[in-house]
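In what follows, a structure is listed as structure tokens, so that the remarks can point back to it.
Every number in this text was worked out from the coordinates using simple rules, so none of it is lab data. Worth saying up front: this structure is predicted, and the values here are computed from it rather than measured. A quick note on method: Cβ atoms are made from the backbone with ideal geometry, for glycine too, and the neighbour counts reach across all protein chains shown.
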Amino acid sequence: MDLGIKGKRAIVSAASKGLGFGCAEALAKAGVDLVICARTQETLDAAAEKLRVHGVDVTAVACDITTEAGQKQVLDAAGHVDILVTNAGGPPPGVWSDWNRDDFIKALDANMLTPIALMKACLPSMMEQGWGRVVNITSQSVKAPIAALGLSNAARTGLTGYVAGTARQVAGSGVTINNLLPGIHATDRAVSLDTGVSNAQGISMDQARKNREGTIPAGRYGEASEFGAACAFLCSTQAGFIVGQNLLLDGGATLATI
Ligand code: NAP
């Protein structure tokens, strides 16, 4: 399917690995020029090289996207933006009594206020040109909270509430905003969560993964490339009537009718 976005320009934040990279690669395959970022120069440069194979222009900005300085660096490097895909690392797991004000501020900065700041920067010119696409990478925990991820639950539901209203306010200008909600995908983040379970329960990493796969009706972890394909479709011209949605990609793990 031709997604109709060849030659458009996108920011994909936190994109040297995992789901962010999956989104960047799917957009690159659709002919979209990219500005990507991550904190580690080496892996970021390697990711940019892999993306350039698809014949698109890729600018790599090494920065922490959760800081104002990092956001400015990325926005300055991009200039004109047609497509914005927001992403950042997720907060650490724990229990309700672990987290203090600073932990919450950090989580809110990363997973709520950063995507909001990027949207506020990009939406005016998208609206003026009458076309734009925003996809925020959130989590299945928005629909079905995961107890150990209280920081993530809190920050991402805040973002979801903001998007629910904002998506309706900008849709009339040809700009869509939607959220993608990953369930368990085979990325470094999944390995780190499996490591936590393996240590806490005294079981092998293989067993920890098998146990988690057993909770997913599809019987496996998702792939970043599958996630990226869904993202690229939401960024396509054909997706212009999809507004303010929260799309779960979780292999059926969340048991809900809606
Ligand atoms: P990942 O494989 O660990 O990759 C994270 C990427 O983001 C890396 O490129 C990392 O590079 C970059 N990054 C992290 N923090 C950053 C920051 N402050 N500034 C700039 N770049 C940053 O993670 P993932 O699995 O793709 O997860 C992406 C998001 O989806 C996370 O918020 C995660 O919590 C959420 N999620 C993932 C899953 C899953 O199963 N994978 C499920 C639900 C939700 P550097 O470290 O070099 O900066």
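Overview of values
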{"quantity": "Cα principal axis extents for the chain, largest first, Å", "calculated": "54, 38, 38"}
{"quantity": "Spin-label proximity, residue 103 to segment 190-206 - amide N less than 17 Å from point 7 Å beyond Cα toward beta carbon", "calculated": "193, 196-197, 200"}
{"quantity": "Estimated vicinal HN-Hα couplings, Hz - segment 122-139 in sequence order (Karplus 6.51, -1.76, 1.60; Gly, Pro = x)", "calculated": "8, 4, x, 6, 4, 5, 5, 7, x, 7, x, 9, 10, 10, 9, 8, 10, 6"}
{"quantity": "Candidate lysines - alpha carbon under 26 Å from residue 143, same-chain residues fewer than 8 apart omitted", "calculated": "17, 106, 120, 210"}
{"quantity": "Value of [θ]222 nm, deg cm²/dmol, for the chain, DSSP H segments ≥ 4, -39500 (n - 2.57) each, nearest 500", "calculated": "-14000 deg cm²/dmol"}
{"quantity": "Cβ-based net charge around residue 83, under 13 Å, with every Lys or Arg adding one and every Asp or Glu removing one", "calculated": "+2"}
{"quantity": "Contour excess over end-to-end distance, with Cα ends at residue 200 and residue 67 and 0.36 nm allotted per residue", "calculated": "44.6 nm"}
{"quantity": "Separation between Cα centres of segment 53-76 and segment 138-159, rounded to whole Å", "calculated": "26 Å"}
{"quantity": "Shape of segment 173-258, Cα gyration tensor, a/c cut at 1.5", "calculated": "prolate"}
{"quantity": "Pair-distance profile P(r), taking every C-alpha pair of segment 1-137, with 10 angstrom steps and integer %", "calculated": "13, 43, 31, 10, 3"}
{"quantity": "Within-12-Å neighbourhood charge of residue 142 [Cβ basis; K, R +1; D, E -1]", "calculated": "+1"}
{"quantity": "Additional length obtainable on full extension of the chain from residue 189 to residue 50, 0.36 nm per residue less Cα span", "calculated": "48.0 nm"}
{"quantity": "Karplus-derived HN-Hα couplings along segment 163-177 (A = 6.51, B = -1.76, C = 1.60, θ = phi - 60°), whole Hz, x at Gly and Pro", "calculated": "5, 4, x, 4, 4, 6, 6, 10, 4, x, 9, x, 10, 10, 10"}
